[in-house]
1. For the stretch 55-66, name all the residues that are free of Cβ contacts under 8 Å to residues at least 24 places away in the same chain and in a strand (DSSP E or B).
2. State all residues of the stretch 21-40 that are more than 13 Å from the chain's Cα centre (by Cα), open to solvent by 80 Å² or more (accessible area, probe 1.4 Å) and without any contact (Cβ under 8 Å) to a residue 24 or more places away in the chain; if no residue qualifies, say none.
3. Give just the number: which of (1) more than 22 Å from Ile83 (Cβ to Cβ); (2) in contact with a Phe, Trp or Tyr (Cβ under 6 Å, 6 or more places away or on another chain); (3) part of a loop (DSSP other than H, G, I, E, B) does Asn18 not satisfy?
4. Which residues, counting only those in the stretch 58-76, are in contact with a strand residue (DSSP E or B) (Cβ under 7 Å, 6 or more places away or on another chain) and either open to solvent by 90 Å² or more (accessible area, probe 1.4 Å) or modelled with pLDDT of 85 or more (or both)?
5. Would it be correct to say that Asp45 is open to solvent by 80 Å² or more (accessible area, probe 1.4 Å), at pLDDT below 90 and in a strand (DSSP E or B)?
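The values are calculated or read from the model by the stated rules, or taken from the named source; none is laboratory data. Here the structure is a predicted model, which means the values were calculated and not measured. Note that we place each Cβ from the backbone using ideal geometry, even for glycine, and neighbour counts take in every protein chain shown. Heads up: the accessible areas ignore ligands, DNA and RNA and are worked out on the full protein's heavy atoms, side chains in. Shrake-Rupley method; radii C 1.70, N 1.55, O 1.52, S 1.80 Å.
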Amino acid sequence: MSRLQTKILSAINTGKLNPTKLGERRWYKYFISINELLWAGNFVDGYLIDIYSDDYKTKHLATYTLTYDMFKNKDVLNVNFEIEEHCKY
């Protein structure tokens, strides 16, 4: 697990990043965009989190999918796309 992924998951678990607050905003030194993933019947199936380098979205650093694992009873952050050179942040 990369540092960026660890930072996001721990921020979600501690309440510093609320995935239910949709839209685009600054988050620490990053610019994030959060969208709902909807399942049939309008049930929320998770959240899509895009991470950019700054407000101008000059570099797309990562895309994560946040879902809830009912068997483990915790949030799971899956990596869809991630640039390895920026994972050291």
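1. Once the filter is applied, which keeps residues that are free of Cβ contacts under 8 Å to residues at least 24 places away in the same chain and in a strand (DSSP E or B), the stretch 55-66 yields His60, Thr63.
2. Once the filter is applied, which keeps residues that are more than 13 Å from the chain's Cα centre (by Cα), open to solvent by 80 Å² or more (accessible area, probe 1.4 Å) and without any contact (Cβ under 8 Å) to a residue 24 or more places away in the chain, the stretch 21-40 yields Tyr28, Leu38, Trp39.
3. Status for Asn18: all satisfied but (2).
4. Correct list: Lys59, His60, Leu61, Ala62, Thr63, Tyr64, Thr65, Leu66, Thr67, Tyr68.
5. Considered against the rule, which asks whether it is open to solvent by 80 Å² or more (accessible area, probe 1.4 Å), at pLDDT below 90 and in a strand (DSSP E or B), Asp45 comes out as yes.
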